[in-house]
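Scroll down for the structure; my scribbles are underneath it.
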Amino acid sequence: MAVIVVSACLLGCSCRYDGKSCLNDAVLALAGDNVLVGVCPEQMGGLSTPRAPAEIQGERVVSNAGADVTAEYKKGAETALYIAQLNKAKYAVLKSKSPSCGKGVIYDGTFSGGKTDGNGVTAELFMENGIEVFTEEELDKLKNYL
């Protein structure tokens, strides 16, 4: 049995920028043999739901309205890491392409739907601190660790 930190939206929480969830039954099924700990770094950083979409532009996270929300994303990532460490989590399943949770590929900062190589703020912090990060699209890889 492993403790796995999971993006709360994948568990059915309506915490995405658009006020919706993206419940993923395959992620939820991990609860059968593991402990899932849900986090929403954006909310933990003080952002409201719903909120303006945001994307990474260089070293900053910026909303489509032009607001710099980097500090909120960093605070949320640090809070999510604290919760992961408190629970001794070694793994995380985070929402793909998100400026907070994305791993390997994120939206490119133009708000056009384009994508680029990179990691979200929380995913990057988790990896820097030894937590193996997977997206909901990589559950087959995670199962090799469990």
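Just one of Gly113, Gly38, Gly19, Gly58 is free of Cβ contacts under 8 Å to residues at least 12 places away in the same chain and out of contact with any His (no Cβ under 9 Å at 6 or more places or on another chain); which is it? Sole residue among the options that is free of Cβ contacts under 8 Å to residues at least 12 places away in the same chain and out of contact with any His (no Cβ under 9 Å at 6 or more places or on another chain): Gly113. Name the single residue that is surrounded by the fewest Cβ atoms within 10 Å (Cβ to Cβ) among those in segment 96-106 being part of a loop (DSSP other than H, G, I, E, B) and in contact with a Lys or Arg (Cβ under 8 Å, 6 or more places away or on another chain). The extreme case among them is Ser96. Considering only residues in segment 27-78 that are under 25 Å from Val3 (Cβ atoms) and of a type in the set (Asp, Glu), the one that is surrounded by the most Cβ atoms within 10 Å (Cβ to Cβ) turns out to be Glu42. Counting the residues of segment 1-16 that are out of contact with any helix residue (DSSP H, G or I) (no Cβ under 7 Å at 6 or more places or on another chain) and either modelled with pLDDT of 95 or more or assigned to a helix (DSSP H, G or I) (or both) gives 8. For the residues Asp25, Asp33, Asp68, the requirement of being in contact (Cβ under 8 Å) with a residue 40 or more places away in the chain, of a type in the set (Asp, Glu) and more than 16 Å from Glu132 (Cα to Cα) singles out Asp33.
Looking only at residues in segment 107-134 that are in contact with a Lys or Arg (Cβ under 7 Å, 6 or more places away or on another chain) and surrounded by fewer than 24 Cβ atoms within 10 Å (Cβ to Cβ), the one that is farthest from Ala77 (Cα to Cα) is Lys115.
The values are calculated or read from the model by the stated rules, or taken from the named source; none is laboratory data. Not measured: the values here are computed from a predicted model. Neighbour counts run over all protein chains shown; Cβ positions are idealised from the backbone, glycine included.
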